[in-house]
1. So THR115 clears everything in (1) among the β-branched types (Val, Ile, Thr); (2) over 19 Å from the mean Cα position of the chain (by Cα); (3) at pLDDT below 80 except one condition, right? Which one?
2. Need the failing condition index for VAL91 against (1) at pLDDT 90 or above; (2) surrounded by 13 or more Cβ atoms within 10 Å (Cβ to Cβ); (3) outside any helix (DSSP H, G or I), just the number.
3. Going by what's in this entry, would GLU44 be described as charged (D, E, K, R) and either touching a strand residue (DSSP E or B) at 6+ places or on another chain (Cβ under 8 Å) or in a loop (DSSP other than H, G, I, E, B) (or both)?
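The values are calculated or read from the model by the stated rules, or taken from the named source; none is laboratory data. Predicted, not measured: the structure shown is a model, and the values here were computed from it. No Cβ is skipped: glycine too gets one built from the backbone with ideal geometry, and neighbour counts run over all protein chains shown. Keep in mind that these areas ignore ligands, DNA and RNA; they rest on the heavy atoms of the full protein, side chains included. Shrake-Rupley method; radii C 1.70, N 1.55, O 1.52, S 1.80 Å.
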Amino acid sequence: FEDESWIGCGHHSGRTWGLRGQPPEIKAGDEKDGYHVLSMVTAEGELMFDVKTEKLVSSVYIDFLKKVIRNRTRPLIVIADNASYHTSNQVKKFVEDHAQQIRLFFCRLIPLRSTPMNRFGMKSNIAN
């Protein structure tokens, strides 16, 4: 099973300490920094993952698939949700070109952004 998650590292404002009558100046940013974590658990129980700062698009997903099929002697069966970059023409072509190494199936029962139904999403949502 394969899925992605977002781990936000943005600024969280709150209370702080300072001398009475001299409140401290705290610089806060508007950045919405964070990381995309692509992860997969194989049938053997091996966790494979990659951490990216760029937006998840077809080319980033293909790079992850290249990483997970490297050095495999048997085809890897991947079950993914219906995210647009999973079902893109670029990914379909990549899977067709590497049919001896990878099979990609889509679980239509899992809607997009279904964190309560998704173990990877539930784990990473704790960090947000």
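1. (2)
2. Only one criterion in (1) at pLDDT 90 or above; (2) surrounded by 13 or more Cβ atoms within 10 Å (Cβ to Cβ); (3) outside any helix (DSSP H, G or I) is unmet by VAL91, namely (3).
3. yes
The rows are residues; the columns are (1) at pLDDT 85 or above; (2) open to solvent by less than 100 Å² (accessible area, probe 1.4 Å).
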site: HIS12; (1), (2): no, no
site: PRO23; (1), (2): no, no
site: ASP33; (1), (2): no, yes
site: VAL37; (1), (2): yes, yes
site: VAL41; (1), (2): yes, yes
site: GLU54; (1), (2): yes, yes
site: SER59; (1), (2): yes, yes
site: VAL78; (1), (2): yes, yes
